[in-house]
Amino acid sequence: MALEAENVTFGYQGGGTVLYRGFSLSVEPSERVALAASSGFGKTTLCRLLAGFETPLSGSITVDGAPLPKRGVCPVQLIGQHPEHALDPRMRMEQSLREAGDVAPDVLDALGIKGEWLRRFPHELSGGELQRFCIARAVAVGPRYLIADEISTMLDAVTQAQIWRFLLEFVCREGVGMVLVSHSSDLTARLATRVVDLEAEPRP
């Protein structure tokens, strides 16, 4: 039982550069795996591959041996660095939440989501407030794995502490595996059970 990338090769069409060739990674449900590499190495691309937003040129991404679904709810949920890109600007926040299903009131409380925010549009909220909604949507669907790609880089210290406390409690309580990317070595040391140095892996 694991989230697995097996012999994955990937490059953007027309770019001429292969970012990964024959890359493999396995993440168990109880693990919190940090991806480490310098800027521009392809960490976000790997996160998108693991969550099904990109398709490998060859190889496979599977959860418990099954390919990621092409339709419906994905067992791997990606939370990105820019929440404003993940939300429909034409929808009020309560509508965006409903798309994910029932979000328990205690989840909203734990993430510090205020009732008056629900009637607002994304442009009326700050980046930190939007990120809380993205996290609430991700956990509401009952994921097996969460991918957290630099989710707190642009947020203030108080917001960072609140969302990471929530996520750590959630994954530990629910037995959810996590893959995380962060430029903060202190944060990685506190959160990760294992660090994968992508620059130590063979490159094409």
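The values are calculated or read from the model by the stated rules, or taken from the named source; none is laboratory data. In this text, all values refer to a predicted model and were calculated from it rather than measured experimentally. So basically every Cβ, Gly included, is an ideal-geometry build from the backbone, and we count neighbours across all protein chains shown.
For residue 69, state whether it is within 19 Å of the chain's Cα centre (by Cα), more than 14 Å from residue 135 (Cα to Cα) and exposed (fewer than 14 other Cβ atoms within 10 Å of the Cβ). Answer is yes for this residue. Scanning segment 37-55 finds one or more residues that are aliphatic (A, V, I, L, M), closer than 22 Å to residue 197 by Cβ and either over 15 Å from the mean Cα position of the chain (by Cα) or exposed (fewer than 14 other Cβ atoms within 10 Å of the Cβ) (or both). If only residues of segment 154-192 that are over 18 Å from residue 111 (Cβ atoms), more than 12 Å from the chain's Cα centre (by Cα) and of a type in the set (S, T, N, Q) are counted, the one that is surrounded by the fewest Cβ atoms within 10 Å (Cβ to Cβ) is 185. Close contacts from segment 115-133, counting a first residue that is in contact (Cβ under 8 Å) with a residue 24 or more places away in the chain and a second that is outside any helix (DSSP H, G or I) and of a type in the set (Lys, Arg), with Cβ to Cβ under 8 Å and a gap of 6+ residues or different chains, come to 118/92; 119/92; 120/92; 121/90; 121/92.
Let's see how each residue does on (1) within 22 Å of residue 144 (Cβ to Cβ); (2) basic (Lys, Arg); (3) touching a Cys at 6+ places or on another chain (Cβ under 8 Å):
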site: 4; (1), (2), (3): yes, no, no
site: 32; (1), (2), (3): yes, yes, no
site: 41; (1), (2), (3): no, no, no
site: 54; (1), (2), (3): yes, no, no
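Among the residues of segment 112-127, those identified as surrounded by 12 or more Cβ atoms within 10 Å (Cβ to Cβ) and either within 14 Å of residue 163 (Cβ to Cβ) or among the small types (Gly, Ala, Ser) (or both) are 112, 113, 126, 127.
Number of residues in segment 98-121 that are hydrophobic (A, V, I, L, M, F, W, C) and part of a helix (DSSP H, G or I) equals 5.
Consider segment 87-106 and keep the residues that are touching a helix residue (DSSP H, G or I) at 6+ places or on another chain (Cβ under 6 Å) and in contact (Cβ under 8 Å) with a residue 40 or more places away in the chain. The one that is surrounded by the fewest Cβ atoms within 10 Å (Cβ to Cβ) is 101.
Among the residues of segment 179-189, the ones that are more than 18 Å from residue 155 (Cβ to Cβ) and either part of a loop (DSSP other than H, G, I, E, B) or touching a strand residue (DSSP E or B) at 6+ places or on another chain (Cβ under 8 Å) (or both) come to 1 in all. Yes or no: residue 138 surrounded by 12 or more Cβ atoms within 10 Å (Cβ to Cβ), modelled with pLDDT of 95 or more, small (Gly, Ala, Ser) and outside any helix (DSSP H, G or I)? Answer is no for this residue. Need pairs with beta-carbon distance below 7 Å; first residue in contact (Cβ under 8 Å) with a residue 12 or more places away in the chain and within segment 68-86, second part of a loop (DSSP other than H, G, I, E, B) and among the hydroxyl-bearing types (Ser, Thr, Tyr); sequence gap 6+ or separate chains. What qualifies is 81/153.
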